[in-house]
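First the structure, in the form of structure tokens, and then the observations on it.
The values are calculated or read from the model by the stated rules, or taken from the named source; none is laboratory data. The model shown is predicted, which means the values in this text are computed figures rather than measured ones. Cβ placement follows ideal geometry from the backbone for every residue including glycine, while neighbour counts extend to all protein chains displayed. Quick note on the areas: whole protein, heavy atoms, side chains included, nothing else; ligands and nucleic acids left out. Shrake-Rupley method; radii C 1.70, N 1.55, O 1.52, S 1.80 Å.
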Amino acid sequence: MARKYFGTDGIRGLANGDKLTPELAMKVGMAAGTKFVRGDHRNRVVIGKDTRRSGYMLESALGAGFTAVGMDVYFLGPMPTPAVAMLTRSLRADLGVMISASHNPYDDNGIKFFRPDGYKLSDQLEAEIERLIETDTTKLLAHGMNIGRAHRDEEARTRYIEYAKRTLPRNIDLSGLRIVLDCANGAAYKVAPMALWELGAEVIAIGVEPNGYNINYKVGSTAPEAVAAKVKEVRADIGIALDGDADRVIIVDEKGNVVDGDQFMAVIAQSWMEREMLQGGGIVATIMSNLGLERYLTGLGLTLERTQVGDRYVLEAMRSKGFNVGGEQSGHIILSDFTTTGDGLVAALQLLAVLKQMNRPISDICARFAPVPQLLRNVRFKSGRPLEQKQVIQAIADGQAMLGEGGRLVVRASGTEPVIRVMGEADDAGLVAKVVGQVEAAILEVA
């Protein structure tokens, strides 16, 4: 069933646009709060945000909605998304809320929720919240002494920093490492530099001067050129770039080259296997991960479980099949021993631990396998459903046959824009280009 407000990751849109307004935020707070008011204790909700200017108004509106239905609100201030998930559990909150549009431009914003166990809400719960938003919300109001109170939690930042630091192996610190850290002028601009510094590293921080409008602007994981240039300028050992809400991380080696997310996952998989931490006999990644990663893991006696694109699908597979490492090429790395969602800082700490243990350049450490030639084309169309057309279906079938069992062809529609993503990979780069080109031409012919 199509939903009016919730998308694939909470509610997201242009701040003060057609959907995401203070009025809606207050109703969302009332509706979501009503679903989590238990009645047997003072119910509490924790609210974090990134550094967008619109976060102030949405934070206030959500707080008004939650207190109106009887929940006590704890405002955390700028805080990474994974920190909100962790603090929801740590503070025994009934609900956690993050106000962020992640890697989107500053004028967008979003609202995402976490259950008491730190996991995101089910589709069913989101549908129930939508239903309540559309009702007469005055019927949800608490009265008298049942109205909630609001607090500013000044200790939340310290709680998360200590939590992140404890994920590093006990016999390791970061002394002797020069790290360039790019916080995207976003939610981690205070906590991430402090955590790395307290662990002993020399930290050169960029993207730590948010003004409400510069989140993700020419910095962060979506613009790794900034951290790469700084790494070469100061001759750092490694560069770490987070996105606006710090649930995603991109690594840059000492030469200024971006490390592919698949190589990152390969390092963690082998490290955890050797430390007897790895569960499930392998890792979870999406259909977009390189075939080279799968072959590398097979050589270690490990498996690669593939899912649809999206960190929620990775997490679902991890939970249902007993894996504790999963992620995406884009830098969403989920380590379920520590977190219930992607955590850029915690994932980076696992790589830094390997760097300290091996005492070799990060470019060497993160060259675990030779990637199989892979080509991705984004084919924009005007209207209709190209993937349902006979000639496109035939082109895809012909392409897969040409690649054979040693190659892969993945064709999927974007969930956010009128684009068909065509990805092919095989050992023969020329063949890959030919197949992808044929599928692209078939789509354009009908689109």
| said: Can you list residue pairs whose Cβ atoms sit under 6 Å apart, with the first residue in region 201-213 being over 17 Å from Lys232 (Cα atoms) and the second being open to solvent by 40 Å² or more (accessible area, probe 1.4 Å) and not charged (D, E, K, R)? Count only pairs 6 or more apart in sequence or on different chains. | reply: Val208/Tyr189; Pro210/Tyr189; Tyr213/Tyr106
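Give me a count of the residues in region 321-337 that are assigned to a loop (DSSP other than H, G, I, E, B), in contact (Cβ under 8 Å) with a residue 60 or more places away in the chain and surrounded by fewer than 24 Cβ atoms within 10 Å (Cβ to Cβ).
Residues of region 321-337 assigned to a loop (DSSP other than H, G, I, E, B): 322-324, 328-332, 336-337.
Subsequent filtering for residues that are in contact (Cβ under 8 Å) with a residue 60 or more places away in the chain retains 328-332, 337.
Next, only the ones that are surrounded by fewer than 24 Cβ atoms within 10 Å (Cβ to Cβ) stay: 329-330, 337.
Qualifying residue count, region 321-337: 3.
For every residue, the table says whether it meets (1) modelled with pLDDT under 95; (2) under 28 Å from Glu254 (Cα atoms); (3) open to solvent by less than 40 Å² (accessible area, probe 1.4 Å).
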site: Phe114; (1), (2), (3): no, no, yes
site: Lys120; (1), (2), (3): yes, no, no
site: Ala142; (1), (2), (3): yes, no, yes
site: Arg149; (1), (2), (3): no, no, no
site: Arg159; (1), (2), (3): no, no, no
site: Asn171; (1), (2), (3): yes, yes, no
site: Leu177; (1), (2), (3): no, yes, yes
site: Lys190; (1), (2), (3): no, yes, no
site: Tyr217; (1), (2), (3): no, yes, no
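Can you tell me which residue within region 285-312, out of those that are charged (D, E, K, R) and at pLDDT below 95, is most open to solvent (accessible area, probe 1.4 Å)? Give the derivation first.
Kept after step one, since they are charged (D, E, K, R), are these residues of region 285-312: 294-295, 305-306, 311-312.
From what is left, the residues that are at pLDDT below 95 are 311-312.
Working: Asp311: 29, Arg312: 60 Å².
By that ranking, first place goes to Arg312.
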| in contact with a strand residue (DSSP E or B) (Cβ under 8 Å, 6 or more places away or on another chain), acidic (Asp, Glu) and either surrounded by fewer than 20 Cβ atoms within 10 Å (Cβ to Cβ) or within 23 Å of Arg408 (Cα to Cα) (or both): does that describe Glu276? | no
| query | Looking at region 313-338, which of the residues that are in contact with a helix residue (DSSP H, G or I) (Cβ under 7 Å, 6 or more places away or on another chain) and at pLDDT below 95 is farthest from Gln279 (Cα to Cα)? | reply | Ser330
| Only one of these conditions is not met by Ile240: (1) part of a strand (DSSP E or B); (2) open to solvent by 30 Å² or more (accessible area, probe 1.4 Å); (3) not acidic (Asp, Glu). Which number is it? | (2)
| Hits in region 62-83 (condition: in a helix (DSSP H, G or I) and of a type in the set (Val, Ile, Thr)) | Thr67, Thr81
| note | Selection from region 15-36 of residues aliphatic (A, V, I, L, M) and free of Cβ contacts under 8 Å to residues at least 60 places away in the same chain yields Met26
